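Rule-based calculations on the coordinates, nothing more; no lab input. Only a predicted model underlies this, so the values are computations on that prediction, with no experimental measurement involved. For neighbour counting, all protein chains shown are included, and Cβ atoms are generated from backbone atoms with ideal geometry for every residue, glycine included.
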Amino acid sequence: MSKLQLNQTGSGSSQHLLLSTKSHFFNHVDRIRRTYISYKPRTHHNTNIALLRKSFPDGVITKRFNVVSNVIRQSSGLLSNLTLIGCLDGVTDLVRRTLLLELVSSQLDPETGLGKKRVKGYGHKVSKDGAEIKLESKFDVPESFGDIGAVLVENEYHKEMYLKDIVLTIIGSSNAHAPVTITCNSWISSKCDADDPHMRIFFTNKSYLPSETPRGLKKLREEELKNLRGDGKGERKSSDRIYDYDKYNDLGDPDSSDELARPVLGGTEHPYPRRCRTGRAPSEKDPLSEKRSLDVYIPRDEAFSEPKELQFSATTVEEVLHALVPSIPTALLDINLGFPHFTAIDNIFNQGVKLPKLKNQGRLRSLLPRLVGSLSQIKDDLLLFDTPEIFNRDRFSWLNDEEFSRQTLAGLNPYSIQLVTEWPLKSKLDPNVYGPCECSITKELLEREIKGIMTVDEALEQNKLFMLDYHDLLLPYVKKVRALEGTTLYGSRTIFFLTPDSTLRPIAIELTRPVLDYKPQWKKVFTPGCDATTCWLWKFAKVHVGAHDSVYHEVVVHWLRTHCCLEPYIIATNRQLSAMHPIYRLLHPHLRYTMEINVRARLSLINAGGIIEQCFSPGKYSMELSSAAYDQIWRFDMEALPADLIRRGMAVEDPTAPHGLKLTIQDYPFANDGLLLWDAIKSWISDYVNHYYSKASLIETDPELQAWWTDIRTKGHEDKKNEPWWPKLKNQDDLIQIVTTIVWVASCHHAAVNFGQYTYGGYFPNRPSIARTNMPSEDISSEDHKKFMEKPESVLMKCFPSQIQATLVMAVLRLLSTHSTDEEYLGGLIEPAWDENPHIKKAYERFNKKLTEVCGIMDARNADPKLLNRTGAGVVPYELLKPFSEPGMTGMGVPNSTSI
Ligand SMILES: [Fe+2]
């Protein structure tokens, strides 16, 4: 598909024309096949082609190419109005001289020292094959032209077009079925639309370090990067392809309402990664914020493919907002209406949610299946949600302490559990503001809860105590959050004891409210208990911790550490690495669609008044909280899985152990499966990097690579640019570790915390997004405390998310947990540029084989009755890191990139 070897018979020399470009194309028909059986080595054509030579009067001998440019008809894009069936002649006229192509030699003219004269041609015919429109051209290329290194393209049609590829076939070839394909996969804007029109550059598939660039391509390589960097000025147009940095200054909407004003994230006060610059005008009320718009720029080729576009759009989420609640006016009035009892919660799955009578019911009906399952689930205006797997297997599991603990190791957020290494725990917050530093959970209490099996000192010595620590991060927000309506907050610490079976038991939860105005500090410890009141308070405490874990998971572990932190890598990769740079080609599949999904998130999820603010405990402070977490905990070097595990005390280095790590908890499903993938990725990337960089000096002297790493550190993560922990980039090991970390975050980290969202959060009692009311024991003179003693379930219902909050979160989690039909999985279909290089191709085949083996290992683990954190009665097996999946909501599958 991507390679053709042309043996120029007659000249006696073998000439390789390697014609392809960076591959963006996501032909969804192909992608549908990308399941675990999708990997298929591409066929190489080693074809001897007898060239048709033509001698011109001036004696120049040429070979003649037939060139077919394939343009994709996309319903959401342009050319969508070209109905070819039955009107071919008309279309032929329409697209005549549509696409100007110029073939570029990779050699310089030996006489002038300049680039060789390019060979030009226009498309002049048209035909149709499915969604593809073919434009044909004929090129006479001088024999002395040398290797074709690039193709320049100009769109003279009056609208943009999606150019899939350019296929060159030698006319008169003895084997006409051996075409050269140049993959483009790019939107080509119309010459008429461009302020400063320039031809698009598509390089062939052969990768070159900057120092190895063929002389005829050097200038183009630099020129293209300059185009992509832009000049940092003006407002970006939707057709632009410019990658630049900006702060998160568009989450608020101060012009609409003072209530919707939000601080800028990024800078000294609220450190944050950078996003793609749009250059929009500032808002009228806050010159530091961008004017709010639903039309947000991203570079043109970062846009979703059609299947993804259909699956997730701002419109879709907006429809959810308007549709899944009884009606908007009622919803606004009843936003605090909770569920009356557990039966009402169960009825979401049994009886469904009544749909409103909306004018746009037709559109709604077409959208809802993608949100909530198959079409058959909508009957008589009733919407039935899929039963989340956790509820499906054991409807009472959410109540169990064992399941509460198990999910810290094998659930949706396996990134927070950490080893306790000292006692008492101490806060790092200012005691003058937040009260005494020491944790109020005493040694005596812990020893009582572990039934005197050992002392706390012995438990520390033997690595038996673990915790979820949301004390220091949340406590500074308690006062602000409690000033909001319909929510509350505590700082929390949850302590677990490790049993000999490698399972955790929660033994104590401390909830803390700092001094609030005239109220003194309130700090209480809750334990599982043996009496009715204590048991119920324990349930309430777990609900609060569940809400803390939910928000931490969504805004820190999920949004910040994957989606948000990846955007600077994407910007830097496009600004500093040429499309022909091997590291660009290595990273590209892992950076697809992330910018687009991040824009969608800014429009509907993390914006002022968006779903996160409406439905999670910290409300309007949710994103500020993620900034605080970025400030306090984010380090590039700690995003690597082994480093992350060691940092949390969940593993220690051990050269004799598998993966070089000894886990503190042997049955830690996320870590066990994750390390298999980490090693497989690292091995593949090592093969790749060592192939292109045979010695360290090549890395130190690679100007594009060094500029890329500098961009990431000093521009994309500008607020952390002076941190001493940034890895150096001096040799192959440095590069392997950096790239492996980026690929891990984009693929495995994201998959582990994304595709189980509905499984674990769809039944919200298991992971409530918000705890709306204080602990019943916080104020024992309150009406709530009285009600609690009479009927605790009804008070719990008031604490749980409201009906609207629960339904919205369910719909969104369902959407985010779903693989699109064109999903691209880790180790799936090989990239054309990798396929072309035999060494890289073999390495990738090994990677693919390894991932297939890994699937088997994970299945075997899930069937092992000794692994109690992934097997057992009613237990959801740990499949979130199984690499391959079918489309839909499967609870498994690791896509290459963070794209939903
Ligand atoms: Fe995600």
>> At a 10 angstrom cut-off on C-beta neighbours, averaged per residue, how do the peptides 597-608, 439-450 rank from highest to lowest?
In response: 597-608, 439-450
>> Can you give me the C-alpha center-to-center distance between region 846-877 and region 548-569, rounded to a whole angstrom?
In response: 26 Å
> So if we plug the beta-carbon distance of ASP864 and LEU484 into 1/(1 + (r/R0)^6) with R0 = 30 Å, what FRET efficiency do we get, rounded to 0.05?
Replying inline: 0.05
> How much net charge surrounds LYS428 when only other residues with a Cβ under 14 Å from its Cβ are counted (Lys, Arg +1; Asp, Glu -1)?
Replying inline: -4
> What's the exposure ranking of THR594, THR871, THR656, going from fewest to most Cβ atoms within 10 Å?
Replying inline: THR656, THR871, THR594
>> Going by average Cβ density within 10 Å per residue, which order do the peptides 890-896, 842-848 take, highest to lowest?
In response: 890-896, 842-848
> So how do PHE497, PHE342, PHE202 line up by other beta-carbon neighbours within 10 Å, fewest first?
Replying inline: PHE342, PHE497, PHE202
> Quick one: length gained pulling THR112 to HIS124 fully straight, 0.36 nm per residue minus the C-alpha distance?
Replying inline: 1.0 nm
> What lysines sit close enough to LYS218 to cross-link, taking a C-alpha to C-alpha distance under 21 Å and skipping anything fewer than 8 places away on the same chain?
Replying inline: LYS22, LYS116, LYS117, LYS120, LYS206, LYS226
>> Between MET454 and ASN722, what is 0.36 nm times their sequence separation minus the Cα-Cα distance? Round to one decimal in nm.
In response: 92.0 nm
> Counting only Cα, what are the radius of gyration and maximum Cα-Cα distance Dmax of region 566-625, in Å?
Replying inline: 15.7, 47
>> As an exercise, use a Förster radius of 35 Å and the Cβ-Cβ distance of ALA707 and SER257 to find the FRET efficiency, rounded to the nearest 0.05.
In response: 0.25
> Which distance in nm do the two modelled labels at THR714 and GLU793 give, with both placed 7 Å along the Cα-to-Cβ direction?
Replying inline: 6.4 nm
> Rounded if a/c is under 1.5, else prolate if a/b beats b/c, else oblate: with a ≥ b ≥ c from the C-alpha gyration tensor eigenvalues square-rooted, which is region 637-682?
Replying inline: rounded
> When N counts the residues of region 507-590, how does its alpha-carbon radius of gyration compare numerically with 2.2 N^0.38 Å, as a ratio?
Replying inline: 1.93
> Over 18 Å between Cα atoms, which of LYS426/LYS620; LYS159/LYS191; LYS480/LYS798; LYS233/LYS291; LYS464/LYS539 qualify?
Replying inline: LYS426/LYS620; LYS480/LYS798; LYS464/LYS539
> Taking a 19 Å limit on the Cα-Cα distance, which of the listed pairs LYS428/LYS721; LYS128/LYS164; LYS63/LYS134 fall beyond it?
Replying inline: LYS428/LYS721; LYS63/LYS134
>> For a quick check: sort ASP129, ASP193, ASP147 by the number of other beta carbons within 10 angstrom, fewest at the front.
In response: ASP129, ASP193, ASP147
>> Using the Kirkwood radius over C-alpha pairs as Rh, can you work out the diffusion coefficient of region 416-528 via Stokes-Einstein at 4 °C, viscosity 1.567 mPa s, in µm² per second?
In response: 87 µm²/s
>> Give me the three principal axis extents of region 737-819 from the C-alpha atoms, as integers in angstrom, largest value leading.
In response: 58, 27, 14
> Assuming R0 = 45 Å, what is the FRET efficiency of LYS524 and ASP637, from their Cβ-Cβ distance, to the nearest 0.05?
Replying inline: 0.75
>> Net charge around TRP522, counting only other residues with Cβ within less than 13 Å of its Cβ (Lys, Arg = +1; Asp, Glu = -1)?
In response: +2
>> At 0.36 nm per residue, and after removing the present C-alpha to C-alpha distance, how many nm does the segment from ALA281 to LYS237 gain when stretched out fully?
In response: 14.6 nm
